[in-house]
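The values are calculated or read from the model by the stated rules, or taken from the named source; none is laboratory data. Given the structure is predicted, the values throughout are model-derived calculations rather than measurements. Cβ placement follows ideal geometry from the backbone for every residue including glycine, while neighbour counts extend to all protein chains displayed. Heavy atoms of the whole protein, side chains included, go into the accessibility calculation; ligands, DNA and RNA do not. Shrake-Rupley method; radii C 1.70, N 1.55, O 1.52, S 1.80 Å.
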Amino acid sequence: MRKIEKRAVLCLIIALALIAGLGLFCFRFVTNASDWAAYPYNRHMYSNSGQLLSGTILDRDGDVLTEVKDGERVYYPDATVRRATVHAVGDGSGYIGTGALTAFADRLSGYNLITGGYSPLGSGRNLTLTLDAYLNVTAYNAMDGRQGTVGVYNYKTGDILCMVSTPSFDPENPPDASSAEDGVYLNRFLSSAQVPGSIFKTVTLTAALENLPDLKDRTFTCTGETTVGGTVITCPKPHGKMDIESAFANSCNGVFGTLAAELGGDTMTKYVEQAGLTRRMSVDGIMTAAGHYDVSEADKGQIGWSGVGQYTDTVNPCNMMTYMGAIANGGTAAVPRLILDITTPSGIPTSWQRTEETDTLVQGGTAAQVKEMMKNNVVQTYGTDRFRGLDIGAKSGTAEVGGDKRPNAWFAGFLDDPEHPYAFIVLVENGGGGASVAGEIAATVLQACVDKF
């Protein structure tokens, strides 16, 4: 009798384990089956060479960027368009993880729980990106072979209108992955984190406005060198006597190093995290790279350098662009997105892409003050003639990267225009001066955006 009882208990345990296993399989099937179906060895969807054989990708104007013809994936006829959009569209081998051919393979194939990755018509779906190919080409040409990234998005809707990463390549003649140089397969806009330099002063300014009550009544004198906690913080030239608005427009390292040290590491960390610069952000499921800010073991001088965007600071271009959108938009902004819509080949919508809002990245009243001070930067320092007809706020950055390399050139900001609510970011790696190099690229691309839309 005891043997029978033991066997019964054992059978019950086995049955429960089978039920639990079946439940886990069903759960993973519902939640992960689209990833299984989009695996490159699934021959319903991929060729022997790894080419996705279903789905068409278009830009927001309806220009076909890639499609399948006669069993082969083909790309836009013009090589410059192919190079300017490859980090968004993707390559045939799937080395660009942020490319739609890889990141959105399940949506391109028309995956569902009934037929899986199999499409009865064999053509998959039409996926329209938020990008405009013309703007991408404009940005690609403006980069003129230099390494970096350009991004522009609508901070009201989340639509990324321009996303260019250089160096690039022609997906119809891709470089060998084992010998590819300069990170041609890396999408610098989404997947890199770089030393920010003075564009980071927008965060330090935000913290100072909210924590130093006498900030706007104070005056500062810059002689070209300021000692903070025993560390000398240098400026390219003496700026003389200034208030905080002029110190921001002059991008005075001494003033912002002093403010960061006065605020302290805990306060600075709080505002960097609130700005969303140290966390990854989802762009239609593609995760951006996380930035870095750690002053937990820093002395006052190192905290000072961190406040001017140096020390060990890094930021992701997409996250910083979103922060610019929040400054322009009262403290929050739309989360960036790349998918405009997805339809069947006959044009029937299959999904609805809704606009999502970020958390509060900066308090509304503070955002309004920083916004006006960024617009003053253009008037006082960068020159309104360079941005003719554009109501723009901006901050440049010239980030030292160490060694004998030239600094990274940054230019970040927004248009304060209800008809053209765009935030932007430009990074030219080892480009030199932020305002002179990255600023010119920004002016070219923004003018093209406004002229077109």
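Considering the options Gly439, Ala139, Gln353, tell which one lies farthest towards the positive end of the dipole of the chain, charges being +1 on Lys and Arg and -1 on Asp and Glu at the Cβ, about the Cα centre. Looking along the dipole axis, the top candidate is Gln353. Computing semi-axes √(5λ) of the Cα gyration tensor in Å directly from the structure and comparing it against [x] 46, 35, 18; [y] 44, 29, 20; [z] 39, 27, 19 singles out [y].
Using only alpha-carbon positions in the stretch 354-412, the gyration tensor eigenvalues give semi-axes of 25, 20, 12 Å once each is multiplied by 5 and square-rooted (largest first).
Once the Cα atoms are used to define both axes, helix 364-377 deviates from the longest principal axis of the chain by about 60 degrees. Projecting label points 7 angstrom from Cα along Cα→Cβ for Thr381 and Met287 puts them 3.5 nm apart.
So if each residue of separation counts as 0.36 nm, and I subtract the Cα-Cα distance between Leu16 and Gln363, what length gain in nm does that give? Could you put the intermediate results ahead of the total?
Working: separation 347, 0.36 × 347 = 124.92 nm, distance 5.28 nm.
Between Leu16 and Gln363, full extension yields an extra 119.6 nm.
Counting only alpha carbon atoms, the long axis of helix 317-328 and the longest principal axis of the chain meet at about 60°. When the Cα positions of Thr234, Ala103, Pro336 are compared along the charge dipole of the chain, Ala103 comes out farthest toward the positive end, with charges on each C-beta of Lys, Arg, Asp and Glu.
Listed by chain and number, the lysines whose alpha-carbon sits under 21 Å from that of Lys201, ignoring those within fewer than 8 places in the same chain, are Lys216, Lys237, Lys241, Lys270, Lys300, Lys371, Lys375, Lys395.
Principal semi-axes of the equivalent ellipsoid, √(5λ) from the alpha carbon gyration tensor of the stretch 307-453, are 28, 19, 18 Å from largest down. Between the helical axis of 253-263 and the longest alpha-carbon principal axis of the chain there is an angle of about 70 degrees.
Across the stretch 183-333, how large is the tail of the calculated P(r) beyond 28 Å, expressed as a percent of all Cα pairs? Mind showing how you got there, number by number?
Details: 2292 of 11325 pairs.
Cα-Cα pairs in the stretch 183-333 separated by more than 28 Å: 20 percent.
Adding -39500 (n - 2.57) for every DSSP H run of four residues or longer, then dividing by how many residues the chain holds, sets the calculated 222 nm ellipticity at -10500 deg cm²/dmol.
Can you check what the net charge comes to around Leu186, using other residues whose Cβ is under 13 Å from the Cβ of Leu186 (Lys, Arg +1; Asp, Glu -1)? Please report the intermediate quantities before stating the final value.
Working: positive: Arg188; negative: Asp91, Glu181, Asp182, Glu429.
Around Leu186, the surrounding residues sum to -3.
Comparing Cα centroids, the stretch 348-412 and the stretch 313-340 end up 9 angstrom apart.
Give me the net charge for the shell around Val437: Cβ to Cβ below 11 angstrom, other residues only, Lys and Arg +1, Asp and Glu -1. Neighbour charge sum, excluding Val437 itself: -1. The dipole here belongs to the stretch 259-409: it is taken about the Cα centre, uses +1 on the Cβ of Lys and Arg and -1 on the Cβ of Asp and Glu, and is about 420 debye.
State in Å² the accessible area per residue of the chain; use a 1.4 Å probe, count heavy atoms of protein chains only, and round to the nearest integer.
44 Å²
Each residue of the stretch 418-435 was assigned a 3J(HN,Hα) from its phi angle through the Karplus expression (A = 6.51, B = -1.76, C = 1.60, θ = phi - 60°), giving x, 7, 9, x, 10, 10, 8, 8, 10, 10, 10, 5, 6, x, x, x, x, 5 Hz with x at Gly and Pro.
Of the DSSP beta bridges with both residues in the chain, give the percent that are antiparallel, rounding to the nearest 5. Taking every DSSP beta bridge with both residues in the chain, the antiparallel ones total about 95 percent. Please find the FRET efficiency linking Ser436 to Glu372, where r is the Cβ-Cβ separation and R0 is fixed at 25 Å, and quote it to the nearest 0.05. It comes out at approximately 0.55.
If you take all other residues with their beta carbon under 14 Å from the beta carbon of Gly257, and give Lys and Arg +1 and Asp and Glu -1, the sum is -3.
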